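Q: So that we are looking at the same thing, I have put the structure below in structure tokens.
The values are calculated or read from the model by the stated rules, or taken from the named source; none is laboratory data. Small disclaimer: the values here were computed from a predicted structure and weren't measured. With ideal geometry, Cβ positions are generated from the backbone for all residues, glycine too; neighbour counts draw on all protein chains shown. Surface accessibility is based on the protein's heavy atoms, side chains included, excluding ligands, DNA and RNA. Shrake-Rupley method; radii C 1.70, N 1.55, O 1.52, S 1.80 Å.
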Amino acid sequence: MKKRFHWTRGPADASGEVQRELDAHLELRAREFEAQGMDPASARREAMKAFGDRAVIERELQAARRGTIRHRQRMERFGALFQDLRVAFRGLLRSPGFAIAALLTLGLGIGATSAVFSVVRSVLLRPLPYPEADRLVQLWTDHRASGRAAPEWFAPPEFLEYQANNHSFAAMAAYGGWGPNLTGEGEPQALNGSAVTWQFFRVLGVGPVLGRDFTEADDRSEAEPVVLLSDGLWRSRFGADRGIVGRPIQLNGQSWTVLGVMPEGFRPPVAAEIWRPFRRPANAGCGWGCVTWQAIGRMKPGVTFEQARLDLDRIAAGIAEEHAQSNQNVGAWPIPLHEQITGPSRKPLLAMGGAVLFVLLIGCVNLASLLLLRGSARARELSVRAAIGAGRGRLVRQLLTESAVIAGLGGAIGLILGWWGSRILSGLVPPGVRSVQSIHVDGMAVLFTAGVSLLAGLLFGVLPSLQSARTDLMGALRSSGKEAHRHAQRMRSGLVAIELAVAVLLLVGAGLLGRSFLALTRTDLGYRSDGVAMATVVFPAARYDSVTKAVLAIEATLERLHNTPGIVTAEAVDQPPLAGGGDQDIDAVPVGEPLPPGRTYFPVWYRTATPGYLAAMGMRLVEGRQFTSEDRLGAPPVVIVNQEAARRMWSGKSPIGRILATAGERATVIGVVANARPDGPMQPEKAEMFLPLAQFATRGVTFVVESGQGTGAAIAGLRGALAEVDPLVPLAGVTTMEEQAAEVVALPRVYALLLGIFALAALGLALIGVYGVMAYSVAQRQREIGVRVALGAGPGAIRGLVLGRGVRLVGIGLVCGLGGAALVTRLIQSLLFGVPPLDPLTFAGVSAVLGGMALLACWIPARRATRVDPVVVLREE
């Protein structure tokens, strides 16, 4: 009840009371002086003199009284809040079914939202783990004018031109791949390394915690070989020995001195566990047009990204003018490093975030519906409280407090579920992003969860509270609140229509992603993706001083594999399909063929392979012949192209017997294979060519082995054969084609699965809402139904009466949802493969499934309505 009595009402009353109190005190002192024989006027003056400065005392007393008033008001507010909380908790304990349903619904919604927010914040919102990371830029060359849509790496002398002539970057650094074999201490181990220019760690703003960083002297060709170790490698291989600094280790059969150890938790832009300087001149073995370096830069303070881009364009124009043969139509393509690393994950994560917010919205709508129903059931209680003095504001405050308690408890459950869910969802992020950004629940995620809980409390609590507090006192007492029931029923119907519309949105999105995933799995890759084991081997230059010796070692390993019982096939290729990030492209010119205007070459992706590789991988020969053992070093160079390369360079004419010039070499085309998708089903077909390994030798290959006894036996056979050839060379990247193929479609599969789970949750909540509305409607209309039955209405008419309302409700939700889906699905168009965003089959299927299930939810209350006994109902009324 409202408190009717206060000691004081405000500052004006306080001032009056202080003045009256001071007057009374002066009057008492004056009477004391009069009793001593003074006349009234003298006694009054003496009392004023003895009292002191009245104005000062009055201000002090007023300040003390105001403080007392504020303290009492605070205590009253805290007391009222404590009373509201106590009533709210007692109410939840009295209704355990409602409490459990409300807390689980809200906890799941907030938990899913918190988990997705943790991942989105970690990937998209949190800065990269480097000092002043917003100044870091990934640098590429731009070949779009020559027909290449993707950014390209740098040629070493090209990078040095940008490094020397720019005015916008405090530092630039280049890096490339390096895969050394660590030997000499324990089992041989293939390491994932990187070769860098000496400024690399200075650009990132990170230095070693042990030892020192690279210097310019370390990057010269005559410098001693030195390396830096990652913290993980230092601990796992060297036992965290601080004395490792300055000691030599054996890499690829050479001695390298350890300069230092990088900090724990250091996450480079490209995952590596060991680094070395390039230690070579810019033109050593790779000059203009030979793109082998990636690059990053740190902009100077105060320089904007646009200014840096214009500066790079100026340098690119100068290089194109000076080196027209290699750099004609080649520009610069800078990308902020954060965008470069996290960009591919942006749209999928935002789509997941939108989906989970929709689920939270549906959960809040369902809770609002539950609270409306509960408020209707409590109409008589609220009317009694109003009758004994509780104002509408007091009732609203009590109901909002109950909503806040539910929101707080649901938020606590959601925080626990969000912590658990974020660990699962982090697996959805591409490995390249996870290697740089740590994904976890931090303080901001906790604040976000608290904010979502508060917002959810307002969202599902305000309208029901206002509706429930709008109570007709006499009507509620006479009729148990039927008018309030009607208001609540209309509001619940509107909320359920919203639930249905949102469920349609999620179901359409999940259906599109699901059909897209099925299209991915059914796409013909052009090569086999089962039953094949793969492992990478690098024969180091220190012990194989010529690539010919490396090729002999590869052939010796294959020969032993062919003689191993159970091995069906064994071949080698320098770059297998689905390897990820290892594409090799080269400029090819069809000799004697006219080139299109503005084009001087065709970019072609190439692979070197052993003679039986194409057949082992199931790649179909369209024309000509395969490689044979006769295609060796010293024999006429030969090449096999795919259909796309033949189409681009020979315009539909047979390429067999024609000459293809690449990097100063000329080779005769001896065969054409069908197009394949080496980068996965989501990537387009591209021009490819295959070269015989014996003629275009390399030290690093991937062995492709098939065994009749399974992939485990295939890898074991490869280990044994390699140990016989060179026991110091380890295997790296052991995997299977099934694993590689599954990895390529892993993210689309998980995104489709997650959105499907969200959609099913939304569907379940929406159906519960439909059922609740219809069941409540039947319960409130029992008198009307009883009268209709008494007047002769049959079961069919009663079912039609109830189902008619349900059909209207479902129809409104479907129409609104399909209209919204037609607009929203365009936002996920980039995530789809082989399915249009307005796919009629998906829209029709969702309409049929949701409509049918919703009508089933209406059918149960309708069937129950036909069993109403008019005699019983009218007697109760």
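Q: Could you check region 727-741 and list, in sequence order, the residues that are in contact with a Lys or Arg (Cβ under 8 Å, 6 or more places away or on another chain) and either open to solvent by less than 50 Å² (accessible area, probe 1.4 Å) or at pLDDT below 85 (or both)?
A: Result: Leu731, Met737.
Q: If I ask for residues that are part of a helix (DSSP H, G or I), under 25 Å from Gln740 (Cβ atoms), open to solvent by 30 Å² or more (accessible area, probe 1.4 Å) and hydroxyl-bearing (Ser, Thr, Tyr), which ones from region 520-578 would you list?
A: Once the filter is applied, which keeps residues that are part of a helix (DSSP H, G or I), under 25 Å from Gln740 (Cβ atoms), open to solvent by 30 Å² or more (accessible area, probe 1.4 Å) and hydroxyl-bearing (Ser, Thr, Tyr), region 520-578 yields only Thr521.
Q: Could you list, in sequence order, the residues of region 697-712 that are over 21 Å from Arg543 (Cβ atoms), open to solvent by 10 Å² or more (accessible area, probe 1.4 Å) and either modelled with pLDDT of 90 or more or β-branched (Val, Ile, Thr) (or both)?
A: Glu706, Thr711
Q: Out of the residues in region 761-795 that are open to solvent by 50 Å² or more (accessible area, probe 1.4 Å) and either free of Cβ contacts under 8 Å to residues at least 40 places away in the same chain or not in a helix (DSSP H, G or I) (or both), which is nearest to Phe358 (Cα to Cα)?
A: For region 761-795, the residue satisfying everything is Ala779.
Q: Does region 140-151 contain any residue that is closer than 20 Å to Phe214 by Cβ and either open to solvent by less than 60 Å² (accessible area, probe 1.4 Å) or in contact with a strand residue (DSSP E or B) (Cβ under 9 Å, 6 or more places away or on another chain) (or both)? Spell out how you get there, then give the answer.
A: Filtering region 140-151 down to residues closer than 20 Å to Phe214 by Cβ leaves none.
Checked region 140-151: no residue is closer than 20 Å to Phe214 by Cβ and either open to solvent by less than 60 Å² (accessible area, probe 1.4 Å) or in contact with a strand residue (DSSP E or B) (Cβ under 9 Å, 6 or more places away or on another chain) (or both).
Q: Can you tell me which of Trp288, Trp293, Trp275 is more than 30 Å from Glu402 (Cα to Cα) and either among the small types (Gly, Ala, Ser) or open to solvent by 30 Å² or more (accessible area, probe 1.4 Å) (or both)?
A: Being more than 30 Å from Glu402 (Cα to Cα) and either among the small types (Gly, Ala, Ser) or open to solvent by 30 Å² or more (accessible area, probe 1.4 Å) (or both) holds for just one of Trp288, Trp293, Trp275, which is Trp288.
Q: So, one more: What pairs come out if I take residues in region 674-685 that are over 20 Å from Ala615 (Cα atoms) and pair them with residues that are open to solvent by less than 80 Å² (accessible area, probe 1.4 Å) and not in a loop (DSSP other than H, G, I, E, B) whose C-beta lies under 6 Å away, six or more apart or interchain?
A: Taking only residues 6 or more apart or on different chains, the pairs are Pro681/Leu520.
Q: Right, another one. Determine which single condition Cys364 fails, assuming it passes every other condition in (1) modelled with pLDDT of 70 or more; (2) open to solvent by 30 Å² or more (accessible area, probe 1.4 Å); (3) out of contact with any strand residue (DSSP E or B) (no Cβ under 8 Å at 6 or more places or on another chain).
A: For Cys364, the exception is condition (2).
Conditions tested, residue by residue: (1) in contact with a His (Cβ under 8 Å, 6 or more places away or on another chain); (2) more than 30 Å from Pro596 (Cα to Cα); (3) among the hydroxyl-bearing types (Ser, Thr, Tyr).
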position	(1), (2), (3)
Phe627	no, yes, no
Leu633	no, yes, no
Asn642	no, no, no
Thr668	no, no, yes
Asp679	no, no, no
Phe690	no, no, no
Ala721	no, yes, no
Val729	no, yes, no
